[in-house]
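Below: one structure, written as C-alpha cells.
No value in this document is a laboratory result; all are computed from the given coordinates. Just so we're clear, the structure is a prediction, and the values are computed from it rather than from any experiment. Positions of Cβ are backbone-derived with ideal geometry, glycine not excepted, and every protein chain shown enters the neighbour counts.
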Amino acid sequence: MWNSVSEFLAMGGYALYVWSSFGLCAIAFCIEVLIVRSQRKTTLRRLRQALLADQYPQESRQ
Amino acid sequence: MNAFFVMVHRDLLLVMRRKSEVLTALFFFVIVTSLFPLGIGADTALLRKIAPGVIWVSALLATLLGLQRLFASDYLDGTLEQLALSPRSFVVLVLGKITAHWLVCGLPLLILAPMIGLQFDLDNASLETLLLTLLLGTPVLSLIGSIGAALTLGLRGGGALMSLLVLPLYIPVLIFGAGAVYAKSVGLDVAGHFSLLGALLILALAFAPWVSAAALRIAIE
Amino acid sequence: MNDLTNTSWLNWFRLASPSTFYPVAGRLIPFFWILSIAFGLAGLWVSFFVAPVDAVQGQGYRIIFVHVPASWMSMFLYIVMAAWAGVGLVFNTRLSAMMAQAIAPIGAVMAFLSLWTGAFWGKPMWGAWWVWDARLTSELILFFLYLGFIALQASIDQVRRADKAGAILALVGVVNVPIIYFSVKWWNTLHQGASVSMTKSPSMAHTMLWGMLLMALCFWMYAIAMTLMRVRVIILERESHADWVQNLKEVKG
Amino acid sequence: MTAYISHPPFTSQSLQAKDLSCVRGEQTLFANLSFTLSSGDCLHVKGENGVGKTSLLRLLVGLAQPEQGEVIWNAANIKNDLDNFHQGLCFLGHRDALKEDLSALENLMMYAALAKVDLSHETALQCLWQFGLREREDLPVHYLSAGQKKRIVLARIAMRRAPLWILDEPFNALDFQGVQLLVQLIERHLSQGGMTIFTGHQEISIAGSRALQL
C-alpha cells in the first residue's frame, strides 16, 4: 500500500486533516482518562481524611 | 374538566392583576424582531426572505422568557404543593396552567405577527401561512417549555439552564413552522408542513402535561 | 421454577447494589481496556494498510474510520444513557442513575469528536470547516442535548432530585432525537437539495466497512471502560458515609 | 360561634404509619416509626427544631417517599392510589399557600373549586366573617397581617370537608382568640369522626389528643 514512511505521513496531501482527526480522538480519550483518574485520587484522599478525622475525634475537636 | 377551567380562570385573573410581567414578554418579541432590520439593513427583498425565520425565532425566545414565571410564583408561596395534594388530578391542573400561559404568551404573538409582517414587507399569502403556523406551533412551544420550567424549578441560574434544555427540543417546530412559510413563498405545497406541525402538537399535548406533572412532583419533594 | 427465578433475580439485584457492583466493576475495567486496545490496533491496521485508496476522495476519506464510529457511538450512548436513566426512575435503583450520569460525559465527548472530525472532513472535500449537512447538524443538536443533561444534573444539589430530573430529561430527549433527525433531514432537502453524503461513496469497499466496524468496537469498549471507571468514582462520592466504603483498602490504606 | 358549615359525620377511616424511616442528605432523621390513627384521634407531633417533624408530615401526605416503611390509608398504601388518598386529605404546610394578588374571598373560592366543594358566595362570606375577616374579604391578601392570612387558611380548612387534617405548625402567628378558634375547629372535627395530626411548640390542650415525641 505505502512504499515509504514519508508517503504514509503525507497521506496523499491530506496529512493535516487525517492526522489531526485521529490525533484529536487520541488526545480526547487520554484527557478523559486523566480527568477521571484525578477525580478518583481526590475523592479517595478526601475519604481518607474524613476517616482519620473520625478515628481521632478528641484531637480533631480541640 | 372543571378543574381545568378553574386553573385557567385563576391564572388569567392573576395575570390581569399584574399586567407588567406579561407585557415584557410581548415587548421583547416586538423589539427583537425590529432589531434585525437594523442589523441587516433595509433591503426589502432580503428582509422578506428572512422574515419567517426571524419572527419564529423571536416567538421561541419570547415564549421562553414567559415560561420562567409559569410555576415559579406558585412554587414560592406554597400553592404548588396544594395543587399537587388537591383532590383534582394534578395533570389536568398543570394542563390548565400551560393553557393559561399560552393564552397570555402564545396567542398575543399571533396578534402582533401581522404588524411585524408589515415591517418585513411580507405579502399576504406568506403572512397568512405564518399566522397559521404560529397558531399550531406556539401551543407546542408552551407545552414543551413547561417541561423545562418544571425541571429547573427553584434552581439558581434556572433561566439560562432552561433555555439550554428546551431550545434543542424546539428545533422541529421551528423547522416546520418557518419552513412552511418559505415553501409557500417558493410555491411549494405546504400541506406536509402543517400535518407535521399538527402531529407535533398532538404528541406534545399527549405527553407534556404528564411529564411536567411528574417533574413538578420531584421538584416539590 | 420460582426458586430458579428467585436465585437468578436475587443475585442480579444484589449486583445492582453499589457495594457489590464496585469491586466487580474494578475487575472488569482492565478487561475492557485490553479489548479496546486490541480492536483499536486491528481497526487502525485495516483503515490505513488494508482499505484501498478512494477513487474520488483520495487518502482523505480515511477520516471516516474515526468520524463514523464517533457518530454511531454518540447516538448509541445517548440511547443507553436514557435506558439506564429510565430504569433508575422506574425501579428507583440508585446505581442505574449513577450509570446514566457516568455515560453522559463520554457521549458528549463522542459527539464533540464526531463534529470535529466532520469539520476536518468537510474542509478538504467541500472547502468549508462547517457544512449544514443533515447529519452534522443533527449531531450538533445531539451535542446540545448532552450538554443540557450534564448541566441539569450539575445544577441540582439534592442527589435524588438530580437523578430523577436528569432521567426525565433523558427520556424526553430520546423521544425527540428521531424527530429532530427527521426534521433536520427534511429541512436539509428543502433548502439545499440532496447533499453529498459521506459514507455512500460509490464503491464502498468491503474492507472499509471492516475498518469502521473495528474502530466502532474499539470506541465501544473504551466507552464501557470509561463508564465503569467514572461510575466507581461516583459511587465513592455518593456512598462516602457508608461503612463498606470506609473499610475499602484504598481508603483505609 | 355561630353554626359552622355543617356536614354529616365521617365514615370510619384509619391512617397507619408502618416503621417509617426518613433520611435527609446523609443524616437519618428517624427510623422505624409506627403509629395508627383512627376516627376521632388527634396526634400532636412534638420535638425541637430540625428533628424531622415537617419531613414526617410530608411523608404522611405523599409529597415525599420514605426511605423505608409505608403509609397506609384505609388498608391501602397511599403510593398505589395517591388521588384517592388526596380526596380525604387537607394539608396545611409552613407557607399559607395564598395568592398575594387575589383577595381573601377569591382565594377561598379557588380552594373550594379545587376541593370540589360548591361554596355559594354568601356561605363563603359567612365563613370568612366567622374567622374575623369582616370587611377585609375583598382586600388583596398582601395587605393583610400574618394572623389574618392564617385565619383565611382556617376558613379554608373549615370549608373543606376532609376526614384527615395534617397541619404543620397551624398555631403560628395566631393571637389568643385565633388559637381558641382553631382548637374549637379541631375538637369539632374530631367529634364528627375526623382525624388530625399537627405539630407546634405551643402547649395546646385538645380533648383526647395524644403526643408523639420525635
The stretch C:33-73 shape via C-alpha gyration tensor axes, a/c threshold 1.5
oblate
What is the dipole size for the stretch B:17-154, taken about its Cα centre, with +1 at each Lys and Arg Cβ and -1 at each Asp and Glu Cβ, in debye to the nearest 20?
240
Bridge orientation stat for the protein assembly as shown from DSSP, antiparallel percent rounded to 5, came to 50
Proportion of all alpha-carbon pairs of the stretch D:52-104 beyond 17 Å (%)
45
Can you tell me which aspartates and glutamates have their Cα less than 14 Å from the Cα of C:Lys185? Leave out same-chain residues fewer than eight positions away.
C:Asp133, C:Glu139
I'd like to verify something in chain C: which complete DSSP H helices, judged by Cα projection on the helix axis, reach 27 Å or more and average at least 0.5 on the Kyte-Doolittle scale?
C:18-45, C:64-91, C:94-126, C:134-155, C:159-192, C:206-238
If eta is 1.306 mPa s and T is 10 °C, what Stokes-Einstein diffusion coefficient results for the stretch C:25-252, Kirkwood Rh from Cα pairs, in µm²/s?
83
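With a ≥ b ≥ c taken as the square roots of the eigenvalues of the C-alpha gyration tensor of chain A, please select rounded if a/c is under 1.5 and otherwise prolate if a/b is larger than b/c or oblate if it is not?
prolate
Report the relative contact order of the stretch B:2-219, percent, no decimals, based on alpha-carbon pairs under 8 angstrom and at least 6 residues apart.
Reported relative contact order: 27 percent.
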Could you run the Debye sum over the Cα atoms of the stretch B:1-155, one equal point scatterer each and no solvent, and tell me log10 of I(q)/I(0) at q = 0.12, 0.15, 0.18 Å⁻¹, two decimals?
-0.55, -0.79, -1.02
Lys and Arg at +1, Asp and Glu at -1: neighbours of C:Leu113 with Cβ under 15 Å from its Cβ sum to -1
If I take every Cα pair under 8 Å that is 6 or more residues apart in chain D, average their sequence separation and divide by the length, what percent do I get for the relative contact order?
30
Applying the gyration tensor rule to the Cα atoms of chain D (axes a ≥ b ≥ c; rounded if a/c under 1.5, else prolate if a/b exceeds b/c, else oblate), the class is prolate
Near B:Lys97, which lysines are there with a Cα under 28 Å away, not counting those fewer than 8 places off in the same chain?
B:Lys19, C:Lys164, D:Lys79, D:Lys99, D:Lys116, D:Lys149, D:Lys150
Just add up the charged neighbours of B:Arg217: K/R +1, D/E -1, any other residue whose Cβ is under 11 Å from the Cβ of B:Arg217.
0
Roughly how far apart, in whole Å, are the Cα centres of the stretch C:85-99 and the stretch C:114-163?
24
Cα axis of helix B:107-119 to longest principal axis of chain B: angle in degrees, 0 to 90, nearest 10?
20
Looking only at D:His86, D:His201, D:His121, which one moves most when chain D is put into a Gaussian network model with springs between Cα atoms under 10 Å?
D:His121
Measure nothing but the geometry: give the 0 to 90° angle between the long axis through the Cα atoms of B:44-67 and the longest principal axis through the Cα atoms of chain B, rounded to 10°.
0
If amide hydrogens are placed 1.01 Å from N in the peptide plane, which non-local residues have theirs closer than 5 Å to the one on D:Ser14?
D:Asn74
Overall dimensions of the protein assembly as shown by Cα: Rg and Dmax, Å
30.9, 106
At a threshold of 8 angstrom on Cα-Cα distance, excluding pairs fewer than six apart, so keeping six or more, what relative contact order does chain C reach in percent?
35
Footprinting proxy, B:Ile98, C:Ile180: sorted fewest to most Cβ within 10 Å, the residues are C:Ile180, B:Ile98
Quick one: Karplus J couplings for the stretch B:13-18, per residue in order, coefficients 6.51, -1.76, 1.60, θ = phi - 60°, nearest Hz, x for Gly and Pro?
4, 4, 5, 4, 6, 10
Short version: ³J(HN,Hα) in whole Hz for each residue of the stretch D:15-27, in order, from phi by Karplus 6.51 cos²θ - 1.76 cosθ + 1.60 (θ = phi - 60°), x for Gly and Pro, what are they?
10, 10, 9, 10, 4, 6, 9, 9, 10, 10, x, 9, 9
Quick check: net charge around B:Ala125, other residues with Cβ under 15 Å of its Cβ, Lys/Arg +1 and Asp/Glu -1?
-1
For a quick check: sort B:Arg217, C:Arg135, D:Arg95 by the number of other beta carbons within 10 angstrom, fewest at the front.
D:Arg95, B:Arg217, C:Arg135
Please list the non-local residues whose amide H lies under 5 Å from the amide H of D:Leu167, H modeled 1.01 Å from N, same-chain partners needing a gap of 5 or more.
D:Leu92, D:Ile197, D:Phe198, D:Thr199
Based on alpha-carbon centroids, what's the gap between the stretch B:118-155 and the stretch C:30-69 in Å, whole number please?
45
Residue order, fewest to most beta carbons within 10 Å, for D:Leu144, B:Leu93
D:Leu144, B:Leu93
Read phi for every residue in the stretch D:180-197 and hand back ³J(HN,Hα) as whole Hz from Karplus 6.51 cos²θ - 1.76 cosθ + 1.60, θ = phi - 60°, with x for Gly and Pro.
4, 4, 5, 4, 4, 4, 5, 4, 5, 4, 5, 5, 8, x, x, 10, 9, 10
